[in-house]
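Undergrad: Sharing a structure here in structure tokens format.
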Amino acid sequence: MRSVPLSGWLDAARAARAEGYRWFDWLGAVDEIGRTDSIRIVLRVAPHPDADGVRLETLVPRLAGELASVRDVWAGAAWHEREVRDFFGVTFAGGDPRPLLLRPDAVGHPLLADSVLAARVMREWPGAKEPGDARAAGRRRTVPPGVPDPAVWGDRAGEPASAAEVAASVQGGRMRSRATPGSRPARPAAQARPEAGARPAAGARPEAGDGPPERGGAR
């Protein structure tokens, strides 16, 4: 992996091509919200499809980020750059500015962590296969790593969560409980252990450690 400064992205791409990395594999992005205020751009190329490749990475500002296009170095990168622009809002200078997967009038960039997706609002994750499916009732409710806590994200009252709130909540792990008083059955009280020397009732199974029954007693 080669970590490249933003200003040296195109030069690093040309250098990799000159070293023999002529086969373009893929280019993608990761929202680094909660760690840095950046979008991580990742590019992988190789000498040929079956060879070990090299990965180039750089960081672009999350808002209005711009990066030099590498489509003149590897023509196949143009499609990937258009996808990253649609989903993360990164502009590739010298690249193809046309939307790839979203409508030209689409608002927002759906793979930014602070972008509210309708599917996430309508159905919580993880949920039942069908609404009301009782099989998921006892499932431990979690959120996947990188997904904000629902308490600050999604269909909540008032103004949408700010990017700072989302960044603070991107933790993964156990979901914050939404249960209301009385919504869960009370846990049954622990059974009292018999006092020392007391004989269990007829038909009851002795607990571990009670020892064998007295000689001559009921079996």
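Undergrad: Please pick out the residue among 76, 65 that is farther than 23 Å from residue 107 by Cα and among the small types (Gly, Ala, Ser).
TA: 76
Undergrad: Oh, and also: Of (1) in contact with a helix residue (DSSP H, G or I) (Cβ under 9 Å, 6 or more places away or on another chain); (2) of a type in the set (Gly, Ala, Ser); (3) farther than 17 Å from residue 92 by Cβ, residue 20 satisfies all except one. Which?
TA: Single failed check for residue 20: (1).
Undergrad: Still on this model: Is region 26-33 home to any residue that is open to solvent by less than 50 Å² (accessible area, probe 1.4 Å) and acidic (Asp, Glu)?
TA: Checked region 26-33: at least one residue is open to solvent by less than 50 Å² (accessible area, probe 1.4 Å) and acidic (Asp, Glu).
Undergrad: Then there is this: Tell me, please, whether a residue that is within 22 Å of residue 3 (Cα to Cα) and under 26 Å from the mean Cα position of the chain (by Cα) can be found in region 92-106.
TA: Yes; the residues of region 92-106 include at least one that is within 22 Å of residue 3 (Cα to Cα) and under 26 Å from the mean Cα position of the chain (by Cα).
Undergrad: Here is a list: 101, 27. Which entry is touching a Phe, Trp or Tyr at 6+ places or on another chain (Cβ under 8 Å) and under 28 Å from residue 166 (Cβ atoms)?
TA: Residue meeting the stated conditions: 101.
Undergrad: Continuing with this model, one more query. Quickly run through region 34-67 and pick out the residues that are open to solvent by less than 60 Å² (accessible area, probe 1.4 Å), in contact with an Asp or Glu (Cβ under 9 Å, 6 or more places away or on another chain) and more than 19 Å from residue 12 (Cβ to Cβ).
TA: 62
Undergrad: Another one. Looking at this structure, is residue 7 among the hydroxyl-bearing types (Ser, Thr, Tyr) and either modelled with pLDDT under 90 or touching a Leu at 6+ places or on another chain (Cβ under 9 Å) (or both)?
TA: Taking the combined requirement at face value, the residue does not satisfy it.
The values are calculated or read from the model by the stated rules, or taken from the named source; none is laboratory data. Since we're looking at a predicted model, the values are computed, not measured. A quick note on method: Cβ atoms are made from the backbone with ideal geometry, for glycine too, and the neighbour counts reach across all protein chains shown. Side chains included, ligands, DNA and RNA excluded: accessible areas come from the protein's heavy atoms. Shrake-Rupley method; radii C 1.70, N 1.55, O 1.52, S 1.80 Å.
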